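The values are calculated or read from the model by the stated rules, or taken from the named source; none is laboratory data. Nothing here was measured: the structure is a model prediction, and the numbers come from that model. Don't worry about glycine lacking a Cβ; one is built from the backbone with ideal geometry, like all the others, and counts go over all protein chains shown. Note: areas computed on protein heavy atoms with side chains; ligands, DNA, RNA excluded. Shrake-Rupley method; radii C 1.70, N 1.55, O 1.52, S 1.80 Å.
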2 protein chains.
Amino acid sequence: MNVRDAAARSGLPAKTIRYYDDIGLVVPDRRANGYRDYNDQTVQKLAFLKRARQLGFSIDNCRQLLSLYEDKGRASGDVKSLAEKHLIEVDKRLEELQQLRATLSHLVHSCRGDDRPDCPILADLSKD
Amino acid sequence: MNVRDAAARSGLPAKTIRYYDDIGLVVPDRRANGYRDYNDQTVQKLAFLKRARQLGFSIDNCRQLLSLYEDKGRASGDVKSLAEKHLIEVDKRLEELQQLRATLSHLVHSCRGDDRPDCPILADLSKD
DNA sequence: TATAAAACTTCCAGTAACTGGCAGGTCAAG
DNA sequence: CTTGACCTGCCAGTTACTGGAAGTTTTATA
């Protein structure tokens with residue numbers, strides 16, 4: 001199966017699939033003409049990656065998840081541990097973003113937003 | 001004032017300050033020996049940038065904010081408009097992250113995380 | 001069968017916002 | 001007068017792709 005079809009089936013752009021080949025994440029067979037040749041298994045891995053990336057796992061984490069995915073004797077604890085670490089980071093980012101949002105929202109509401117130059121937003125940004 | 005002192009006063013790393021000079025964001029005077037020479041005004045701008053970056057404004061937005069900051073005849077509405085746009089993007093990102101967190105958390109809790117290989121997390125990642 | 005279109009290949013550059021590191025020049029202190 | 005701290009510019013690396021160019025191969029149509 002050519003890269004275009006693998007893209008259609010996995011939901012990833014062809015360009016991304018080639019990139020995953022370049023970095024050794026999902027390496028397809030090659031035909032005599034040099035074209036990449038994907039099969040059910042490699043397409044499955046691509047779909048796996050798409051979902052894992054959507055969940056915010058880094059490429060590096062995806063690499064580990066993928067190797068666990070392929071290891072039929074894995075311990076589910078290893079997978080859970082990876083996911084938990086990721087969850088903690090997501091929570092951290094969420095808190096930061098919520099804090100940021102609160103400050104920003106406060107600033108926006110404090111500014112009249114008219115034609116006059118005095119602006120609490122700029123005042124806050126320039127405060128020590 | 002040398003870049004080191006400007007760093008100490010603004011709270012930004014010296015490297016970042018040089019970078020801001022490179023991209024024309026805050027351009028200091030130069031001494032005869034070629035050293036950057038910061039004054040109260042440029043340090044003030046650096047501090048402004050630090051705060052704006054902390055609030056998640058992009059460098060590009062910072063450039064606009066900075067020019068509004070310097071424009072004593074500005075309309076506060078222009079500042080508010082920028083901030084509002086940014087707030088909308090933050091809200092979007094927050095929603096995405098919350099959705100992601102919910103899914104991830106659900107997956108984590110569904111996995112026993114023991115020595116056995118069967119794992120709902122991997123099962124979910126590989127589902128169509 | 002000729003040819004044009006589409007799809008494939010590799011490689012290079014660009015994105016955002018820095019950060020690290022190197023070679024070399026400068027300056028203050030002992 | 002030397003040592004060490006600081007400065008300079010410049011190039012590379014980071015993350016995870018994405019766009020584009022140049023060249024080859026396959027496929028579809030006339």
Count of the range A:35-60 residues which are more than 7 Å from every other protein chain (Cβ to nearest Cβ), closer than 19 Å to B:Pro117 by Cβ and in contact (Cβ under 8 Å) with a residue 12 or more places away in the chain:
1
Selection over the range B:65-76 where residues are surrounded by 16 or more Cβ atoms within 10 Å (Cβ to Cβ) and not in a loop (DSSP other than H, G, I, E, B) yields a count of 5
Are any of the residues in the range A:31-48 within 8 Å of DNA strand D (Cβ to nearest atom), modelled with pLDDT of 95 or more and closer than 26 Å to A:Asp78 by Cα?
no
Could you tell me which numbered condition B:Gln54 fails, if it satisfies all but one of (1) surrounded by 12 or more Cβ atoms within 10 Å (Cβ to Cβ); (2) modelled with pLDDT of 95 or more; (3) more than 9 Å from DNA strand D (Cβ to nearest atom)?
(2)
All positions within the range B:43-77 that are of a type in the set (Asp, Glu) and farther than 12 Å from B:Leu25 by Cα:
B:Glu70, B:Asp71
So, A:Leu94, is that one facing chain B (nearest Cβ under 7 Å) and farther than 30 Å from A:Met1 by Cα or not?
yes
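Does B:Leu66 satisfy being near DNA strand C (Cβ under 9 Å from one of its atoms) and touching a residue at least 40 places away in the same chain (Cβ under 8 Å)?
No: the conditions fail for B:Leu66.
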Against the definition (assigned to a helix (DSSP H, G or I), hydrophobic (A, V, I, L, M, F, W, C) and away from DNA strand C (no atom under 16 Å from the Cβ)), how does A:Leu107 come out, yes or no?
yes
If we scan the range B:88-96, do we find a residue that is aliphatic (A, V, I, L, M) and open to solvent by 60 Å² or more (accessible area, probe 1.4 Å)?
yes
